[in-house]
There are 2 protein chains.
Amino acid sequence: MADKAQVQEAIKTQGEVVRKLKSEKASKEQIDEEVAKLLQLKAQLGGDEGKHAFVLKTAKGTRDYNPKQMAIREKVFNIIISCFKRHGAETIDTPVFELKETLTGKYGEDSKLIYDLKDQGGELLSLRYDLTVPFARYLAMHKITNIKRYHIAKVYRRDNPAMTRGRYREFYQCDFDIAGQYDAMIPDAECLKIVYEILSELDLGEFRIKVNDRRILDGMFAVCGVPDEKFRTICSTVDKLDKMAWEDVKKEMVNEKGLSEEIADRIGEYVSMQGGKDLAERLLQDPKLSQSKQACAGLTDMKQLFSYLELFQVTDKVVFDLSLARGLDYYTGVIYEAVLSQTVPAPVSTPTEQNGADEAGVSVGSVAGGGRYDGLVGMFDPKGRKVPCVGVSMGIERIFSILETKAELSSEKVRTTETQVLVASAQKNLLEERLKLTTELWNAGIKAEVLYKKNPKLLSQLQHCEETGIPLVAILGEQELKDGVVKLRNVASREEVDVPRADLVDEVKKRTL
Amino acid sequence: MADKAQVQEAIKTQGEVVRKLKSEKASKEQIDEEVAKLLQLKAQLGGDEGKHAFVLKTAKGTRDYNPKQMAIREKVFNIIISCFKRHGAETIDTPVFELKETLTGKYGEDSKLIYDLKDQGGELLSLRYDLTVPFARYLAMHKITNIKRYHIAKVYRRDNPAMTRGRYREFYQCDFDIAGQYDAMIPDAECLKIVYEILSELDLGEFRIKVNDRRILDGMFAVCGVPDEKFRTICSTVDKLDKMAWEDVKKEMVNEKGLSEEIADRIGEYVSMQGGKDLAERLLQDPKLSQSKQACAGLTDMKQLFSYLELFQVTDKVVFDLSLARGLDYYTGVIYEAVLSQTVPAPVSTPTEQNGADEAGVSVGSVAGGGRYDGLVGMFDPKGRKVPCVGVSMGIERIFSILETKAELSSEKVRTTETQVLVASAQKNLLEERLKLTTELWNAGIKAEVLYKKNPKLLSQLQHCEETGIPLVAILGEQELKDGVVKLRNVASREEVDVPRADLVDEVKKRTL
C-alpha cells in the first residue's frame, strides 16, 4: 500500500488535472475518466475522505452481462459452434495474456491499443488483442502444421468506446481458422461458406460479404505509382472507404500521405470496382494491372475462389470489391468482410451502458472479417518455417446488440432458467415434504426449484413461476400426502390434475418436452 | 518503445541478476524466469542481438488447451452446467478486470497475489482474483437483492505454480451462489447438494465434504482465550491442518503467532473433532463452548443444516469438521470444502506443462469450496445495505487433470471433432463433385468434411477418418455419379453399400445417431 503522504500528493495533482480539463471544456468522457481516477485515489486513503468516494462501476469500456443477455449470448454461441462443428473443427484455448513480445510488431498502428500488465517482478505481459496472433504462436510453439480449429474467447483493446459505437474494450471473438498446406482457395472458400451459414442462421436480415486480395491491392498500388514504402499506409486510407466518401479519402492520400493527385485518381478508378468472377476475368485483361505479377496471382486465385463459392451455393451474397483493404498487417492473400445491410434500432440503454450507443438508428456495419495470413506463424518459428493459414473472425458483440434490441422490442419473454417444475405447498409446515419431493425430482434429472422459505404463500410461489416462466407446479398438501399423489398445475392454463407420486417424473418429462 | 541505451543498460543489470542467482544455486524455476526476462529485454533491441532470443512460450503459470483437453473440458462443463440448471440457476458474466479498489481489502493476506494492469493513463485496474467479489460488486451495482446464478470463468492469481502442484496462475472457477434473504440453512444445504451431485456425476472416486462455521470457529477461539485481534491470523494457521500435522500447527501458533501453549492445546482439542448432527448437539452442551453466543448460533444452524442434508440424501459424504477454517476474509457463517480421497497418478507431461506436477502420485485435495458471506455486498453498497449470500466454487483445474490422466491411461480414444462423414473419391478430377456433395450435406445439417486437395489418395482420406474417428465415408466415383448413388463406407467394419444420392442424408443420420 502506498504511503499516505504520497497518495495525498497524488490527489492534489489529480485534482488539478480535473480542474484544468473542466476549464478547458474537455469532453464529458475525458473528465469522467479523470474524476474516477481522483475518486480511486481518495478511496486509497481508506479514512473518511475516501469513504464516500467509492466508485461502483465496471472498468471503462466493459460491461456486465445479465441473465437475459446471457440467454441470448448462449443462443448465438450455440448457432456458431454448431456451424463450426458441422465443418469438422476442433477447438483450443490459450491464456488471456501473452508475453508482451509475442504481440509486438503484429498489429501495425493498432499496437498502441494493447493492454499491458504491470511489471510486478516477472515476465512482461499483455492482454491478447485478437485470437489470431495467439493461434499462430500456438502453432509454432507446439509445432503443428495443420489443424482446423475454432476459438471463442474475449479479447482486449484500449479503444475509445464512446467514439466507436457499439464497441467495447473487452469483447468476444469467434474465430475459425484452417492451417496447413492445401490446394489453393479450397479452405478460403470454406471460410466464406461458414460466414454465409452463420449470418443466414442468425436471421439478421440482408448481408453482403466483400472479398479482395492483398496481392491485388499491392499490385494495384504498384501500377498506379504508389512508392513501395507507402503501400501499408495507403492501404489503411483505402480501408476508410466504407465510412468516408471517396473525396475525403483522396484528400487524406494527397494531403496527409503525400501522393500526387494523379496517382490518387488512378487508385480511385480501381477501388470503385465491384463484381464477381467476371470482374476478376476482366481485370486479368486490364493493360496496367496485368503488368503486375502479384495482381495476376491474386486475380487468378479470385477466379478460382468464385468457382468454389458457386459449388458452395453462396455467390448471391459475395462481392469482389476492390475497395476492401482491412487494417491488420499480417494478411498476405485473400481478405473478406461481412456487412449487414439493415440499420438496426438503437438499443434501449441499461444502467450498465454508461458509454454511448444511444443515438437512433445505428448502422451496424462489419460483423465478420478475415483473410489469409501465410507469414504469421513463420514470425514465431525459430527457423522461420511457414504454416499457411486462412481464417475468419465473427464480431459477436454487434450481433448480440442486434438480437438484444430485437428481444426488447418483441413481446416474447426471454427465459433465463430452464426449470421445469416448482415444488410448492398451500399449507404450512410442509418444508420437509417439499425438500423431499424436490430431491426425488433432482435425482431423476428433472430441473426443479423450491422456494427457500419455511412457509411461503401459494400466491408467491405461483408468482415466481409467472415471473421466471416455469411451466409446471407440483403442489403438496396434507391430503395429497395421504393419498400418495401430487397436484400438478399447468401455470399458463391453470389446469390441475392429481398425479400418483410414482408417475410424477414421467409426467413432468412428458409435459416439458 | 524504450530508448536503446536504456534497454542495453537494463540488459546489463539483468545479466548480473542471472549470474548472481546461478552462483547462489537458486531454483531452476527462479533462474528460468530471470533468464526469460533477460531474453525479452534483448528482443526489445530488435537487431541481431535480439533476433535469436525470441522466447516461444506462454506466460509463467499458464497453459494452452489442446483439442483433446478441450474435449474433456467440454464434458466436465456440460455436467456442471446441467447440474446448475437442474437447480434453477441463471448465469451472468462480468469483465475479466475490475477497478483495483473493487478488489482491495477483500482477500486478506492473499491480496499480494492480485495481477494489476499497467497504468496506461486511465483507471487503475486488476484482473479478477475470484468470481465472488465481482458477483458482490454486480449485486450492489445493479441493486439486485435476490438471484440464484452460476458463473464459469477464468480467474488470476500470481501464485507460485511450481510450489503448489497442479495449480495455475490462470484457472477456471465454476461458481454457484444464492443471494437473498431466506430462511436459515436452506440455500446453504442446496449448495452442498450441488457439490455432492457434481462430484458423484464426474466419477472421481470417493470424496468427503467438510463443513464448519466461522461463528463456531470464532466462538471456539474466544472460549479458548485467543485475543480478538488474533482470530483471523489463527484461523489461517488452523487452515493448514489439512497439510500439516497438529504439532507443526501448534508450533506456528505459539512461536509465530504468540499464543500460549495452554491456549493452543485447548484449540487442539476442539479442532480434532469430527462428526455429524450428533457432534453439533454434543457441542451445544459443551460447558465452555456453550458460553459463546456466536458458537451456539453456529451450532444450532449446523444441526438445522444436517437435517436438510438428510432430506437431500447427502449425509453419507458430509462431515462436520472443526478443523476446517478456509483462508478468505469474507466468510461469515457456514463454510465447506470438498476433498477427493484418492491419490491420482501423475499426469504425463506435455510440452506445454513446463512447470512442475511431474512427481508420482499427487494428492489432489480440495476440489470445491465455499460458504456464507453475508457482509460482502454491503461493502459495495453506498448505503451499506446487506444482501445475504451463500455459494460454492468448483476447482475445475484439478478435476481436469484427473480426467486427462484417466483419458491418457485408458485405451479409449478421445474424439476432438463430431464429424459424421468424410466426402471422398478414389479417382482424380472429382474435387468439384466432392464439394457439391459436401455442400448438400452441410445444408442438410450433417457434419461433414472434405480434404482440401484436388486429387487426394483414397488411402490418405481413409487414414484421416481413422485418425480423427470419423465413422463414415461417402465415396464418389465416375460410376457412382452415373448411377446417381454414393458408396457409403463404414470405417470400422469396412463394409460398403451403395446409397441413392437422395437418401444419403437420412442414411448418414440413421447410422450416426
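Where a number appears in this text, it was derived from the coordinates with a stated rule and is not lab data. Since the model is a prediction, treat every value here as computed from it, not as a measurement. A quick note on method: Cβ atoms are made from the backbone with ideal geometry, for glycine too, and the neighbour counts reach across all protein chains shown.
Got the A:ALA5 label distances to the other copies yet, label 7 Å along Cα→Cβ, in nm, shortest first?
Nearest first, the other copies' label points are 3.3 nm away.
Counting other C-beta atoms within 10 Å, and keeping those with at most 15, which DSSP coil trypsin sites (Lys or Arg not before Pro) do you find in the stretch A:421-481?
Numbers: sites: A:LYS428, A:ARG434, A:LYS436, A:LYS447, A:LYS453, A:LYS454, A:LYS457; in loops: A:LYS428, A:LYS447, A:LYS453, A:LYS454, A:LYS457.
Sparse-neighbourhood loop trypsin sites (Lys or Arg not before Pro): A:LYS428, A:LYS453, A:LYS454, A:LYS457.
How large is log10 of I(q)/I(0) for the protein assembly as shown at q = 0.04, 0.05, 0.09, 0.10 Å⁻¹ when the intensity is taken from the Debye formula with one equal scatterer per alpha-carbon?
Result of the Debye calculation: -0.23, -0.36, -1.19, -1.43.
Note down the magnitude of the dipole of the protein assembly as shown about its Cα centre, charges +1 on Lys and Arg C-beta and -1 on Asp and Glu C-beta and zero elsewhere, to the nearest 20 debye.
Around 540 debye, computed over the protein assembly as shown.
Taking amide H atoms as placed 1.01 Å from N in the peptide plane, list the residues 5 or more away in sequence, or in a different chain, whose amide H sits under 5 Å from that of A:VAL491.
Residues meeting the criterion, in which the H sits 1.01 Å from N, are A:LEU472, A:VAL473.
Shortest first and in nm with one decimal, please list how far the A:GLU418 label point sits from its counterparts in the other copies (point 7 Å along Cα→Cβ).
Shortest to longest, the spacings are 1.3 nm.
Along Cα→Cβ, 7 Å out, is where each label goes; now give me the distance between the ones at B:LYS436 and B:ARG494 in nm to one decimal.
Result: 3.2 nm between the two label points.
What 222 nm value per residue comes from the helices of the protein assembly as shown, counting each DSSP H run with n ≥ 4 as -39,500 (n - 2.57) and dividing by all residues, nearest 500 deg cm²/dmol?
-12500 deg cm²/dmol, from helical runs alone.
7 Å along Cα→Cβ for the label point: how many nanometres lie between A:GLN313 and each equivalent label in the other copies, listed shortest first?
So the label point of A:GLN313 gives 5.0 nm to the other copies.
Provide a whole-number value for the mean count of partner chain Cβ atoms within 10 Å of the Cβ atoms in peptide B:436-442.
4
In debye, nearest 20, what is the charge dipole magnitude of chain B about its Cα centre with +1 on Lys and Arg Cβ and -1 on Asp and Glu Cβ, if you could check?
880
Report, as an integer, the average count of C-beta atoms from other chains found within 10 Å of each Cβ along B:96-106.
Average per residue, whole number: 6.
Quote to one decimal, in nm, the extra length available between A:ARG415 and A:ASP228 on full extension: 0.36 nm per residue of separation minus the C-alpha distance between them. Write out the running numbers ahead of the final one.
Working: separation 187, 0.36 × 187 = 67.32 nm, distance 5.64 nm.
Value of the extension gain: 61.7 nm.
For the stretch A:129-229, which trypsin sites (Lys or Arg not before Pro) are in a loop by DSSP, counting at most 14 other Cβ atoms within 10 Å?
Within the stretch A:129-229, the qualifying trypsin sites (Lys or Arg not before Pro) (loop, at most 14 other Cβ atoms within 10 Å) are A:LYS143.
Can you return the lysines within cross-link range of A:LYS22? Criterion is Cα-Cα under 28 Å, with same-chain partners fewer than 8 residues away left out.
A:LYS4, A:LYS12, A:LYS37, A:LYS42, A:LYS51, A:LYS57, A:LYS60, A:LYS112, B:LYS100, B:LYS118
Mind listing which trypsin sites (Lys or Arg not before Pro) in the stretch B:480-513 are in a DSSP loop and have 15 or fewer other Cβ atoms within 10 Å?
The qualifying sites are B:ARG494.
Exposed loop GluC sites (Glu not before Pro) only (DSSP loop, at most 10 other Cβ atoms within 10 Å): please give the longest stretch of chain B free of them, not including the sites. Could you put the intermediate results ahead of the total?
Working: sites that count: B:GLU24, B:GLU206, B:GLU359, B:GLU412, B:GLU495.
Counting only loop sites that pass the neighbour cut-off, the longest clear stretch is B:25-205.
Using a cut-off of 12 Å between beta-carbons, work out the net charge of the residues near A:LYS112 (Lys and Arg +1, Asp and Glu -1, A:LYS112 not included).
My count for the surroundings of A:LYS112 gives -2.
Mind checking A:60-73 for the average number of partner chain beta-carbons within 10 Å of each residue's beta-carbon?
5
Separation between the A:LEU56 and A:ARG501 pseudo-spin-labels, each 7 Å from Cα along Cα→Cβ, expressed in nm?
Each label point is offset 7 Å from its Cα along the Cβ direction, giving 4.6 nm.
Find out how many positive minus negative residues lie around B:VAL238, taking Lys and Arg as positive, Asp and Glu as negative, among other residues whose Cβ is under 15 Å from that of B:VAL238. Walk me through the numbers on the way to the answer.
Working: positive: B:LYS210, B:ARG214, B:ARG215, B:LYS230, B:ARG232, B:LYS240, B:LYS243, B:LYS250, B:LYS251, B:LYS257, B:ARG266, B:ARG326; negative: B:GLU109, B:ASP213, B:ASP218, B:ASP239, B:ASP242, B:GLU247, B:ASP248, B:GLU252, B:GLU256, B:ASP265, B:GLU269, B:ASP321, B:ASP329, B:GLU337.
Combined, the nearby Lys, Arg, Asp and Glu give -2.
Applying 1/(1 + (r/R0)^6) with R0 = 25 Å to the Cβ-Cβ distance of B:TRP246 and B:SER111, what FRET efficiency is obtained, to the nearest 0.05? Provide the component values of the computation, followed by the final result.
On the way: r = 29 Å, r/R0 = 1.14.
It comes to 0.30.
Net charge near A:LEU131: determine it from the other residues with C-beta under 13 Å of the C-beta of A:LEU131, scoring Lys and Arg +1 and Asp and Glu -1. Please report the intermediate quantities before stating the final value.
On the way: positive: A:LYS106, A:ARG128, A:ARG137, A:ARG149, A:LYS154, A:ARG157; negative: A:ASP93, A:GLU98, A:ASP130, A:ASP175, A:ASP177, B:ASP64.
Around A:LEU131, the surrounding residues sum to 0.
Need one number: nm distance between label points at B:GLU206 and A:ASP203, each 7 Å from Cα along Cα→Cβ, rounded to one decimal.
5.4
To the nearest 0.05, how large is the calculated FRET efficiency for B:ARG511 and A:LYS12 if R₀ is 60 Å and r is the Cβ-Cβ distance?
0.20
Rounded, prolate or oblate: pick one for the stretch A:158-305, where a ≥ b ≥ c are the square roots of the eigenvalues of its C-alpha gyration tensor, a/c under 1.5 means rounded, and failing that, prolate if a/b is larger than b/c, else oblate.
The shape class here is oblate.
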